[in-house]
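Novice: Pasting in a structure now, in structure tokens, and then I'll have a few things to ask.
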């Protein structure tokens, strides 16, 4: 027993890790490995409640281990997903607050953005940090500073498409499709480019990640006043069996709810 204790203590001193940090890193690994359970949940209300509690717990852990990359990534992704799935439509002001919190944590590890060449290993954190930043900018169109941030966000998403094409169900292509579709032509908007990015994202997952179709309808079909495209992509969402893509039951269930709301308002759009 004494021998085991001596070896254990020697390990701690040699590595410079405290018992608390070792425990935190074990918990971080458990949370990372279990993150898929959140996206597999089919009940949005249950998922929302669970994520709210987990996000605060993650922040508590980060206070004790502020440079833990696993904790930071889980927190950035969590705030991004929470804001997009549950807040953007019902409470955009609150969504901005949480996007900004996710952004703050992401930048705390990514550091200075200027002249930084990202690596493949950094792709998840780069993507989710840019995701939070993009969500914040999208909800802050009256804020010149947030609009001025767009080139940095584009650079980060561009790095994701270059280093890991198709990462998170073509998430970077969904960003560029939404960006080109939401801008007026005089400011670089281009519906044909938007279509290319959306089709690329849809192809990456055989059209099973239904949020892509919802965004396609919002940022291409409506601006183009293409009613047939609008009905086509949203009908795909309605008809898709939720169990055919179990790893994204939650996102797909939210997409189905949004698609129905959009179809109910079709006469307002066209």
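Novice: Can you name the residue in the range 126-152 that is farther than 17 Å from residue 84 by Cα and in contact with a helix residue (DSSP H, G or I) (Cβ under 7 Å, 6 or more places away or on another chain) and is also surrounded by the fewest Cβ atoms within 10 Å (Cβ to Cβ) among such residues?
Specialist: It comes out as 147.
Novice: Quick one: which of 104, 96 is more than 30 Å from residue 246 (Cβ to Cβ), at pLDDT 95 or above and touching a helix residue (DSSP H, G or I) at 6+ places or on another chain (Cβ under 7 Å)?
Specialist: Of 104, 96, the one residue that is more than 30 Å from residue 246 (Cβ to Cβ), at pLDDT 95 or above and touching a helix residue (DSSP H, G or I) at 6+ places or on another chain (Cβ under 7 Å) is 96.
Novice: Can you tell me which of 58, 71 is in the same structural domain as residue 150 (by TED's automatic domain parsing), within 16 Å of the chain's Cα centre (by Cα) and more than 28 Å from residue 143 (Cα to Cα)?
Specialist: It is 71.
Novice: Residues 160, 214: which one is crowded, with 19+ Cβ neighbours inside 10 Å and either in contact (Cβ under 8 Å) with a residue 60 or more places away in the chain or not assigned by TED's automatic domain parsing to the domain that holds residue 106 (or both)?
Specialist: Among 160, 214, only 214 is crowded, with 19+ Cβ neighbours inside 10 Å and either in contact (Cβ under 8 Å) with a residue 60 or more places away in the chain or not assigned by TED's automatic domain parsing to the domain that holds residue 106 (or both).
Novice: When you go through (1) in a helix (DSSP H, G or I); (2) without any contact (Cβ under 8 Å) to a residue 60 or more places away in the chain one by one for residue 207, which number turns out not to apply?
Specialist: Among (1) in a helix (DSSP H, G or I); (2) without any contact (Cβ under 8 Å) to a residue 60 or more places away in the chain, the lone unmet condition for residue 207 is (1).
Novice: When you scan the range 169-188, how many residues do you find that are at positive phi and more than 21 Å from the chain's Cα centre (by Cα)?
Specialist: So the answer is 1.
The values are calculated or read from the model by the stated rules, or taken from the named source; none is laboratory data. These numbers come from a predicted model, not from an experiment. All Cβ positions, glycine included, derive from the backbone under ideal geometry; neighbour counts span all protein chains shown.
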